[in-house]
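Presented below is the structure to which this report refers.
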Amino acid sequence: MIPSSAYRMTAIVEQLPSTVPFVGPETQERSRGRPFRARIGANESVFGPSPKAVAAMERAAAEAWKYCDPENYDLKQALAKHHGVAPDNIVVGEGIDGLFGYAVRLYVEPGVAVATSLGAYPTFNFHVHGFGGRLVTTPYVGDREDPESLLDLARRENARLVFLANPDNPMGSWWDGASIQRMIEQLPSSAVLCLDEAYGEFAPAGTAPPIDVSDPRVLRFRTFSKVHGLAGARVGYAIGEAGLIKCFDKIRNHFGVNRIAQAGALAALADQAHMADVVRRATQARDRIAAIARASGLVPLPSATNFVTIDCGRDGAFARRVLQALIARDIFIRMPGVAPLDRCIRVSAGTDADLDAFAETLPAALAAAAA
């Protein structure tokens, strides 16, 4: 085997493990030799995109010989109108994950501290490590990321970036907008809050604080992957102060959001009726997942997302056995990766058929895990 040093990579990259943040269901299906019965692990919207978005993407496919608009002009105009800000306050990128990478690249260099919660969304951490950042963490409190602990950590470690998801992945928990606003007001002047609001459309009213694009210490990240059902198209955006947003142009992939994806996102944003229907169906699915969990003696945690995190009542080893038993029975789910959060499994909102399959297999999976 050729040693990694033979590839003459940067010192940062040579020190990193050869890992990816997630192992996709397709990879698992290939290794298993058969498909899943229910794909309810990646927090995708199984209810699909707006038919209007599908039609727009079909039309755009005929012009796929053209490069996309590198300014994402039409989509930025529509997003600005939707959020009541100026187009200069919006940057569009290839999903939230891509925008996280750009944000980290703007602020992080070797040794720079970045504050997050232990067990929070791992792709953000993946980018921090990739740029040589020093990731510092604080535990969840009551299955929620804790703003006060994050602020204390940021001050103590002189963190340049602070990451918080509201609502949270992987726990589904959330804070009201007033609490997030207090955190923003207390943020050190030298720090920037990366506020991940990917699941915001599923949350109760008042979860998100008012958007203030005058504050260069806040970047708010949104996506078309969840409620709009366009996870495979890779479209996300960030909202922030105009000067800060302009800095993304220095480093972003200007052709990163393809023509078909731009057309689909634009049509999806315009179809608010479809979005409302997805929220309604996801809420119904959450209620049913919770009922299925309770019927097996498990505790579903409150959720403001399109998934439910279920406390399996024991430790991480037991929850992993439950997860593996469900996968063996062709049900794709995921789980938090860090204790004590890893006592849980996480189940995405699914169709009636998906949840029928989950309800059918969960008791046997629990029995197998206990044995």
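The values are calculated or read from the model by the stated rules, or taken from the named source; none is laboratory data. Fair warning: this is a prediction, and the values are worked out from it, not measured in the lab. Quick reminder, even Gly has a Cβ in these numbers, built from the backbone with ideal geometry, and neighbours come from all protein chains shown. Ligands, DNA and RNA are excluded from the accessible area calculation, which covers all protein heavy atoms including side chains. Shrake-Rupley method; radii C 1.70, N 1.55, O 1.52, S 1.80 Å.
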>> Here is a list: Gly264, Gly316. Which entry is over 27 Å from Ile345 (Cα atoms) and open to solvent by less than 40 Å² (accessible area, probe 1.4 Å)?
In response: Gly264
>> Could you check the stretch 141-182 and list, in sequence order, the residues that are of a type in the set (D, E, K, R) and open to solvent by 10 Å² or more (accessible area, probe 1.4 Å)?
In response: Asp143, Arg144, Asp146, Glu148, Asp152, Arg155, Arg156, Glu157, Arg160, Asp176, Arg182
>> Quick check on the stretch 21-36: of everything there that is touching a residue at least 12 places away in the same chain (Cβ under 8 Å) and more than 14 Å from Asp330 (Cβ to Cβ), which residue is most open to solvent (accessible area, probe 1.4 Å)?
In response: Phe22
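Do you know which residues across the stretch 111-124 are open to solvent by 30 Å² or more (accessible area, probe 1.4 Å) and part of a helix (DSSP H, G or I)? Spell out how you get there, then give the answer.
Within the stretch 111-124, the subset open to solvent by 30 Å² or more (accessible area, probe 1.4 Å) is 111, 118, 121-122.
Listed by number, the list holds a single entry, Pro122.
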> Taking Val257 and the conditions (1) more than 21 Å from Gly119 (Cα to Cα); (2) open to solvent by 10 Å² or more (accessible area, probe 1.4 Å), which numbered condition does it fall short on, given that it satisfies the others?
Replying inline: (2)
> Here is a list of conditions, (1) in contact with a helix residue (DSSP H, G or I) (Cβ under 9 Å, 6 or more places away or on another chain); (2) at negative phi, and Gly172 meets all of them except one; can you say which number that is?
Replying inline: (2)
>> Consider the stretch 328-367. How many of its residues are in contact with a Leu (Cβ under 8 Å, 6 or more places away or on another chain), without any contact (Cβ under 8 Å) to a residue 40 or more places away in the chain and either open to solvent by 40 Å² or more (accessible area, probe 1.4 Å) or in a helix (DSSP H, G or I) (or both)?
In response: 1
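Out of Leu269, Leu301, report the one residue that is in contact with a strand residue (DSSP E or B) (Cβ under 6 Å, 6 or more places away or on another chain), open to solvent by 10 Å² or more (accessible area, probe 1.4 Å) and in contact (Cβ under 8 Å) with a residue 60 or more places away in the chain. Reasoning before the result, please.
On the way: Leu269 fails: in contact with a strand residue (DSSP E or B) (Cβ under 6 Å, 6 or more places away or on another chain).
When all the criteria are applied, what remains is Leu301.
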> Is it the case that some residue within the stretch 275-295 is in contact with a helix residue (DSSP H, G or I) (Cβ under 8 Å, 6 or more places away or on another chain) and under 30 Å from Lys66 (Cα atoms)?
Replying inline: yes
> What do you reckon, is Pro210 surrounded by 20 or more Cβ atoms within 10 Å (Cβ to Cβ) and not aromatic (Phe, Trp, Tyr)?
Replying inline: no
> Would you say Ser189 is open to solvent by 20 Å² or more (accessible area, probe 1.4 Å), without any contact (Cβ under 8 Å) to a residue 40 or more places away in the chain and not aliphatic (A, V, I, L, M)?
Replying inline: yes
> Under the condition of being surrounded by fewer than 19 Cβ atoms within 10 Å (Cβ to Cβ) and in contact with a Pro (Cβ under 6 Å, 6 or more places away or on another chain), which residue from the stretch 40-84 is farthest from Ala238 (Cα to Cα)?
Replying inline: Gln77
